[in-house]
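The values are calculated or read from the model by the stated rules, or taken from the named source; none is laboratory data. This one's a predicted model, so the numbers in the text were calculated from it and none came from an experiment. Cβ placement follows ideal geometry from the backbone for every residue including glycine, while neighbour counts extend to all protein chains displayed. The accessibility values were calculated without ligands, DNA or RNA, using every heavy atom of the protein model including side chains. Shrake-Rupley method; radii C 1.70, N 1.55, O 1.52, S 1.80 Å.
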Amino acid sequence: MDTRLLIFLIAFLISDSVTAQNYVKYVDPLIGTAPATTVSALRHSAGTELKGQTFPAVGRPFGMTLWTPETRITEAKCVSPYYYDDTKITGFRGSHWMSGSCTQDYGTFSIMPFISEIPDTITRSPVSGYNHANERSSPYYYSVLLNDHGILAELTATSRSAMMRFTYPGNKPKCIAIRANSDEKQGMVWYSRERNEIAGFNPVHRMYQGWGQPAGFSGYFVFRFSRQVEIIPDLKNKQMILLKFNEGNDIMVKAASSFTSIEAARNNLDNEIPGWNFELVMNETESEWNKTLGKIEVKTGSDRKSVV
């Protein structure tokens, strides 16, 4: 056999063996989301600085927008989108939070499934209690049971886009809230029946120099649905829109983001998630994580001690 061909085959087999391994199983995105107990953390304060400030991000390695369960609606400084000790899910956010930081989120938007029989849902942003026992978190997939609504929410994502699957109980009214998370009340959301699409934007504001002043760009976003949806009218809130759908007990949602325009967000969605196959997107994202994590491998005699 030609020596060059032999070297190629050996390299291919080694590469295939490495990428086939499930490195992502060692990653726990919930680490750092609970209060820290180190000496240095305890010396700071009892505020958010005491926490690890990470969040359970879902998306591709080095992605522009990462998706996360949300327990805090604000984009305020030093407030992560998610804290393990919080008892309510407020939505699922397309986030630009720097994990482990004390900066601020910006240009974000969130979606929350709910059933309209919950009291006062129509006049406020819906929330739900949840149990960590019913929560599954990885870099390529997140799921949780929303206890107040009996809805199973599942999430996977790419670099700029995401796909969600919401499974509703029985014959309950099936609704969705979509919100631009502008603390300055400057975001806007609207619905296109022709496209069966929600679009919107959330202006970014500065945190340090020129505190609170416009940063000169916005987070733009689009949402599309596997079923026809209708607006729940007369909310009088340009930052949030409420939707309902009447057929079936499950709905798939695709979302994408851009920092340049609505049309660019649409292009990102068309290019990254052209179809409606949740498992395909999830498996491709898992594969991307294994390829990235597999670039460095540490082997020990015990799987519990392995470090990737």
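Filtered by the rule that a residue be assigned to a helix (DSSP H, G or I), in contact with a strand residue (DSSP E or B) (Cβ under 7 Å, 6 or more places away or on another chain) and either without any contact (Cβ under 8 Å) to a residue 40 or more places away in the chain or closer than 21 Å to Tyr141 by Cα (or both), the range 249-308 gives Asn268, Leu269, Glu272, Phe278, Val281, Met282, Thr285.
Within the range 248-266, is even one residue at pLDDT below 95, open to solvent by less than 60 Å² (accessible area, probe 1.4 Å) and touching an Asp or Glu at 6+ places or on another chain (Cβ under 7 Å)? Looking through the range 248-266, none of the residues is at pLDDT below 95, open to solvent by less than 60 Å² (accessible area, probe 1.4 Å) and touching an Asp or Glu at 6+ places or on another chain (Cβ under 7 Å).
Got a number for residues in the range 215-248 being in contact with a Gly (Cβ under 6 Å, 6 or more places away or on another chain) and free of Cβ contacts under 8 Å to residues at least 40 places away in the same chain? The qualifying residues number 0.
Give the residues of the range 90-114 that are over 19 Å from Leu155 (Cα atoms), in contact with a Gly (Cβ under 9 Å, 6 or more places away or on another chain) and open to solvent by 10 Å² or more (accessible area, probe 1.4 Å), sorted by residue number. Step through it out loud before you land on a result.
Quick first cut of the range 90-114, residues over 19 Å from Leu155 (Cα atoms) only: 98, 100-107.
Cutting the leftovers down to in contact with a Gly (Cβ under 9 Å, 6 or more places away or on another chain) gives us 100, 106-107.
Passing the criteria: Gly100, Tyr106.
Do you know which residues across the range 64-74 are surrounded by fewer than 21 Cβ atoms within 10 Å (Cβ to Cβ) and either in contact (Cβ under 8 Å) with a residue 40 or more places away in the chain or within 10 Å of the chain's Cα centre (by Cα) (or both)? Passing the criteria: Met64, Ile73, Thr74.
Could you tell me how many of the residues in the range 206-223 are farther than 15 Å from Ser261 by Cβ and surrounded by fewer than 20 Cβ atoms within 10 Å (Cβ to Cβ)? I'd like the intermediate steps shown before the answer.
Taking the range 206-223 first, the residues farther than 15 Å from Ser261 by Cβ are 206-215, 223.
Now narrow it down to the ones that are surrounded by fewer than 20 Cβ atoms within 10 Å (Cβ to Cβ): 206-215.
Within the range 206-223, residues that are farther than 15 Å from Ser261 by Cβ and surrounded by fewer than 20 Cβ atoms within 10 Å (Cβ to Cβ) number 10.
Does the range 155-163 include one or more residues that are assigned to a loop (DSSP other than H, G, I, E, B), closer than 17 Å to Trp67 by Cβ, of a type in the set (Val, Ile, Thr) and in contact with a strand residue (DSSP E or B) (Cβ under 9 Å, 6 or more places away or on another chain)? Within the range 155-163, one or more residues are assigned to a loop (DSSP other than H, G, I, E, B), closer than 17 Å to Trp67 by Cβ, of a type in the set (Val, Ile, Thr) and in contact with a strand residue (DSSP E or B) (Cβ under 9 Å, 6 or more places away or on another chain). Scanning the range 75-89 for residues that are under 17 Å from Asn134 (Cβ atoms) and either surrounded by fewer than 14 Cβ atoms within 10 Å (Cβ to Cβ) or more than 13 Å from the chain's Cα centre (by Cα) (or both) turns up Tyr84, Asp85, Asp86, Thr87, Lys88.
Every residue, every condition in (1) outside any strand (DSSP E or B); (2) among the aliphatic types (A, V, I, L, M), yes or no:
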site: Gln186; (1), (2): yes, no
site: Trp190; (1), (2): no, no
site: Ile198; (1), (2): no, yes
site: Phe201; (1), (2): no, no
site: Val204; (1), (2): no, yes
site: Ser218; (1), (2): no, no
site: Phe223; (1), (2): no, no
site: Arg227; (1), (2): yes, no
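Evaluated against (1) among the β-branched types (Val, Ile, Thr); (2) modelled with pLDDT under 75; (3) closer than 28 Å to Gly219 by Cβ, Thr38 falls short on exactly one condition, (3). Out of all the residues in the range 209-226, is one or more farther than 27 Å from Pro274 by Cβ and among the β-branched types (Val, Ile, Thr)? No, because not a single residue in the range 209-226 is farther than 27 Å from Pro274 by Cβ and among the β-branched types (Val, Ile, Thr).
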